[in-house]
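The values are calculated or read from the model by the stated rules, or taken from the named source; none is laboratory data. Bear in mind the structure is a predicted one, so any value in this text is a computation, not a measurement. A quick note on method: Cβ atoms are made from the backbone with ideal geometry, for glycine too, and the neighbour counts reach across all protein chains shown. All accessible areas refer to the heavy atoms of the entire protein, side chains included, with ligands and DNA or RNA removed. Shrake-Rupley method; radii C 1.70, N 1.55, O 1.52, S 1.80 Å.
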Amino acid sequence: VQLQASGGGLVQAGDSLRLSCVISGRTFVNYVLGWFRQAPGKEREFVAAITQSGASTNYADSVKGRFTISRDNAKNTMSLQMNNLKPEDTAVYYCAAGRYVTWSRPVPSDYNYWGQGTQVTVSS
């Protein structure tokens, strides 16, 4: 499984961005997909996740109500719609795929495959 993230950029506070992740591999539908982010000097943190069918989603409290994760299994893609961006959302965003994840306690170590990251910078 290989992942390729895109869509980052430089925006102002209050703006929106849509991140995309293209996933290759015929077992794509067997994986929980997630987004993580890492700011300079900080640990990688969970942002959002979506189950194999797309029926359930999970969000970090800091993005709940502003970010929406989705996936299209027919097109092997995943997206993260980010609205009302804040300067504290500035980070490198990574898409990831995990076969068996702890849904109630999302951690990077549960995810087996990672994309290369895309930079999101939000100016105040």
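At a glance:
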| item | result |
| --- | --- |
| Positive dipole terminus of segment 40-124, leading residue within VAL92, VAL107, ILE50 (C-beta point charges) | ILE50 |
| Segment 67-72 - phi-based ³J(HN,Hα) in whole Hz, Karplus 6.51/-1.76/1.60, Gly and Pro as x | 10, 9, 9, 8, 9, 10 |
| Residues of segment 1-93: accessible area per residue with a 1.4 Å probe, Å² | 50 Å² |
| Residue of THR102, THR51, THR68 that the Gaussian network model of the chain assigns the largest fluctuation, springs spanning Cα pairs under 10 Å | THR102 |
| Å³ per residue enclosed by the Cα convex hull of segment 79-124 | 99 Å³ |
| Assigned charges on the beta-carbon of Lys, Arg, Asp, Glu; the chain dipole about Cα centre (debye) | 240 debye |
| For segment 51-59, 3J(HN,Hα) per residue [Karplus equation, 6.51 cos²θ - 1.76 cosθ + 1.60, θ = phi - 60°, Hz, x = Gly/Pro] | 6, 4, 8, x, 6, 10, 10, 9, 9 |
| Computed Kirkwood radius, in angstrom, where 1/r is averaged over Cα pairs of the chain | 14.2 Å |
| Other-chain or far-sequence residues with amide H under 5 Å of PHE67's (modelled H) | ASN83 |
| Cα centroid of segment 46-124 to Cα centroid of segment 1-44, whole Å | 6 Å |
| Most fluctuating residue given options GLY65, GLY54, GLY34, as computed from a GNM of the chain linking Cα atoms under 10 Å | GLY65 |
| Relative contact order %, the chain, counting alpha carbon pairs below 8 Å whose residues are six or more apart | 36 percent |
